[in-house]
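The values are calculated or read from the model by the stated rules, or taken from the named source; none is laboratory data. Nothing here was measured: the structure is a model prediction, and the numbers come from that model. A quick note on method: Cβ atoms are made from the backbone with ideal geometry, for glycine too, and the neighbour counts reach across all protein chains shown.
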Amino acid sequence: QVQLHESGPGLVKPSQTLSLTCSVSGDSISSAGYYWSWIRQFPGKGLEWIGYVYYSGSTYYNPSLESRITILVDTSRNRFSLKLTSVTAADTAVYFCAREADGYLDSWGRGTLVTVSS
Amino acid sequence: DIQMTQSPSSLSASVGDRVTITCRASQSVIRFLHWYQQKPGQAPKLLIYGASTLQNGVPSRFSGSGSGTEFSLTISSLQPEDFGTYYCQQSYNTPPITFGQGTRLEAK
């Protein structure tokens with residue numbers, strides 16, 4: 001059974017870069033057909049898909065965030081990462097990593113709260 | 001982007017009730033529509049994918065239907081563990097994947 005676990009700072013200052021890592025266990029991140037995704041949930045509970053990466057390194061980003069996002073995959077460590085630059089208070093959210101298969105997200109991490117504040 | 005609208009936004013029901021939640025898409029998503037359940041402090045959990053296919057381990061009291069722009073999630077007999085928030089999500093013509101705003105299901 002695949003498990004995902006997010007890690008990274010819980011507090012980021014405005015204008016700085018948010019960096020998170022998702023460690024995957026129970027499955028190889030190189031498994032064909034799966035995309036490794038980042039999603040965030042705002043305090044008001046709305047969900048926003050950020051983007052995903054394939055094991056080859058190919059990425060697909062939400063156009064609304066594309067200019068600020070980098071998602072990378074590290075197959076040797078079975079993990080992938082998210083960088084979001086120039087953060088503001090509007091980026092405060094719970095960040096989830098998840099596995100996507102055929103368009104749906106079948107496994108999720110527990111999520112990590114990131115607060116943007118000085 | 002395809003906009004997803006759920007109704008109602010909140011719903012009060014009793015154990016044993018039949019409950020239906022609706023999700024409408026701003027354009028056709030064929031059957032690329034999926035449903036999730038979220039409980040406080042937890043990640044969303046996949047219930048149904050492809051509009052009507054039950055994810056492994058999900059009780060058969062959950063069912064999904066619809067195609068095109070209108071979809072529904074039905075719980076045939078509400079159980080205590082079913083209270084929480086439900087989200088629909090489309091994956092047609094992506095990126096981006098988009099979610100509905102959620103339906104909060106509470107005990108009456």
May I ask you to list the residues in the range A:38-59 that are farther than 11 Å from A:Tyr95 by Cβ, buried (at least 22 other Cβ atoms within 10 Å of the Cβ) and of a type outside the set (A, V, I, L, M)?
A:Trp49, A:Gly51, A:Tyr52
Residues that are in contact (Cβ under 8 Å) with a residue 24 or more places away in the chain, at least 2 per element: which strands (runs of 3 or more DSSP E) completely within chain A meet that?
A:3-7, A:18-25, A:34-41, A:47-53, A:69-74, A:79-84, A:93-101, A:104-108, A:112-116
Out of B:Gly64, B:Gly50, which single residue is of a type in the set (Gly, Ala, Ser), modelled with pLDDT of 95 or more and under 10 Å from the mean Cα position of the chain (by Cα)?
B:Gly64
Scan of the range A:1-32 for residues that are in contact with a Phe, Trp or Tyr (Cβ under 7 Å, 6 or more places away or on another chain) and within 18 Å of A:Ala90 (Cβ to Cβ), ordered by number
A:Leu20
Check on B:Thr22, in contact (Cβ under 8 Å) with a residue 24 or more places away in the chain, surrounded by 20 or more Cβ atoms within 10 Å (Cβ to Cβ) and of a type in the set (Val, Ile, Thr)
no
Qualifying residue in the range B:72-86 (condition: of a type in the set (Asp, Glu) and under 27 Å from A:Phe42 (Cα atoms)):
yes
With criteria (1) surrounded by fewer than 22 Cβ atoms within 10 Å (Cβ to Cβ); (2) modelled with pLDDT of 95 or more; (3) closer than 22 Å to B:Thr94 by Cα, A:Ser15 comes up short on (3)
Within the range A:5-23, residues closer than 10 Å to A:Val87 by Cβ and in contact with an Asp or Glu (Cβ under 7 Å, 6 or more places away or on another chain) come out as A:Leu18
Suppose we filter A:Thr70, A:Thr75, A:Thr85 for residues that are within 18 Å of A:Leu4 (Cβ to Cβ), of a type in the set (Ser, Thr, Tyr) and modelled with pLDDT of 95 or more; which single one remains?
A:Thr75
Which members of the range A:37-81 meet the condition of being within 19 Å of B:Thr98 (Cα to Cα) and aliphatic (A, V, I, L, M)?
A:Ile39, A:Leu47, A:Ile50, A:Val53, A:Leu65, A:Ile69, A:Ile71
Is it the case that some residue within the range B:51-63 is assigned to a loop (DSSP other than H, G, I, E, B) and touching a residue at least 40 places away in the same chain (Cβ under 8 Å)?
no
